[in-house]
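Single-structure report; data block below.
The values are calculated or read from the model by the stated rules, or taken from the named source; none is laboratory data. None of the values given here were measured: they were computed from a predicted structure. Methodologically, a virtual Cβ is constructed for each residue, glycine included, from the backbone with ideal geometry; neighbour enumeration extends over all protein chains shown. Heads up: the accessible areas ignore ligands, DNA and RNA and are worked out on the full protein's heavy atoms, side chains in. Shrake-Rupley method; radii C 1.70, N 1.55, O 1.52, S 1.80 Å.
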Amino acid sequence: MITPDGERPLCQAHVDPLAGLRTPQDPSWDVYLTGTVFLDIIFTGLDSAPVRGTESWARGMGSSPGGVANMATALARLGLRTSLAAAFGDDHYGEYCWDALEQGEGIDLSPSRTVPGWHSPVTVSMAYEGERTMVSHGHEPPPEEPAPDCPPRARAAVASLTPGTRAPWIEEAAKSGTRIFADVGWDDTGRWDLAGLADLEHCEAFLPNAEEAMRYTGADCPRAAARALTDHVPLAVVTLGSDGAYAVDGGTGETAEVPAIAVEALDPTGAGDVFVAGFVMGTLAAWPLADRLAFAGLTAALSVQEFGGSLSAPGWSEIAAWWRKVQSLDAQDPMALSRYAFLEGLLPEVTRPWPLRRAVPTIGFGRSA
């Protein structure tokens, strides 16, 4: 098991993981996604859950764009050209989120818009004991919130499936050749009916967690659930929490399983989004299935060592720093290190130490240098 020690992030280096695959005929964007952007306010360093009737003090706090911004930021920091369609409030929160994503992360917001008089949704997240508790507030999104029937051409799109609901843009994107990667949230209806995930038929890959996969398939273990899901989608990837991840390619019959990396978790917010982003990047780069799983798990593990969803998404500099660090530790298992040897030749040389964040951790202090 490889155990990084939580070294602080470094200045981001630019890496284009698809450089050798690009042609003049390619779409302008590598990944397209749409959804709701929240302002996330994260409290960390709590000794326990807040107790009714008492006041709790947190040792750390940060603010960052959240919601679909977690995924968009994770993709952009891995060097993918990312386009996001979302509604933004015209309040200070909305302006901050827009600026952090467009200027700070280089995300294309041309399909997005500012909605006068609509205030930004807000989530307060409290992290303790490796878990999180969240409280959110927001009004109904405006009816015209971007989710276009004809999204821009992109190599891939990430969709969050909603039970019982079709999103017309998913079918349109798939028809244009966009590869659709999907995750899903908890089914509040309790039905757990795969037929209710109507857009799954347009997806190349489905990435639920173990509990979701078992509930949707009725299987008694996550691996059996992944195999059952390939009756409905070409590639099933099931995250197993502290046990890593398991994937089945229904077309080839190939399977892969990679253990998790042991880390001391500060805040798990957005780790699932980071995992999906890492897997999408590896797929677009045409990596073997096991390497994609390993990379996705690595990026998710690095993310939980920092606070916030979008703030914690690692870039290539953090990945390079981790790789240098684990190779320098005497107690490392050579077999465990060999699982990540494919990173050699991809990682940048990083000489400047942190701090440099692409998004401002607390509203009101100005911009990062």
Those residues that are at pLDDT below 95, more than 16 Å from Pro208 (Cβ to Cβ) and either surrounded by fewer than 24 Cβ atoms within 10 Å (Cβ to Cβ) or among the charged types (D, E, K, R) (or both), I need them from the stretch 262-283; list them, please.
Ala262, Val263, Glu264, Ala265, Leu266, Asp267, Pro268
Positions within the stretch 337-358 being within 30 Å of Glu102 (Cβ to Cβ) and at pLDDT 65 or above, in sequence order:
Leu343, Leu346, Leu347, Pro348, Glu349, Val350
Where residues in the stretch 120-144 are open to solvent by less than 30 Å² (accessible area, probe 1.4 Å), not in a strand (DSSP E or B) and not polar (S, T, N, Q), which of them is nearest to Ala271 (Cα to Cα)?
Pro121
Hey, does the stretch 91-102 have a residue that's open to solvent by 10 Å² or more (accessible area, probe 1.4 Å), in a loop (DSSP other than H, G, I, E, B) and over 24 Å from Ile319 (Cα atoms)?
yes
Please work out which residue is farthest from Pro65 (Cα to Cα), limiting yourself to the stretch 298-335 and to residues that are touching a helix residue (DSSP H, G or I) at 6+ places or on another chain (Cβ under 9 Å) and aromatic (Phe, Trp, Tyr).
Trp323
Which condition breaks for Ala182 when tested against (1) among the small types (Gly, Ala, Ser); (2) modelled with pLDDT under 90; (3) under 16 Å from Asp231 (Cα atoms)?
(2)
Residue under question is Val304, and the condition is that it be closer than 28 Å to Ala58 by Cα and either touching a His at 6+ places or on another chain (Cβ under 7 Å) or surrounded by fewer than 24 Cβ atoms within 10 Å (Cβ to Cβ) (or both); does it hold?
yes
Number of the condition not met by Ala195 [criteria: (1) part of a loop (DSSP other than H, G, I, E, B); (2) surrounded by fewer than 16 Cβ atoms within 10 Å (Cβ to Cβ); (3) of a type outside the set (Val, Ile, Thr)]
(1)
Can you tell me which residues in the stretch 179-192 are of a type outside the set (Phe, Trp, Tyr), open to solvent by 10 Å² or more (accessible area, probe 1.4 Å) and part of a loop (DSSP other than H, G, I, E, B)?
Gly185, Asp188, Thr189, Gly190, Arg191
Out of Gly106, Gly79, Gly117, report the one residue that is of a type outside the set (A, V, I, L, M), over 17 Å from the mean Cα position of the chain (by Cα), open to solvent by 10 Å² or more (accessible area, probe 1.4 Å) and on the phi > 0 side of the Ramachandran plot.
Gly117
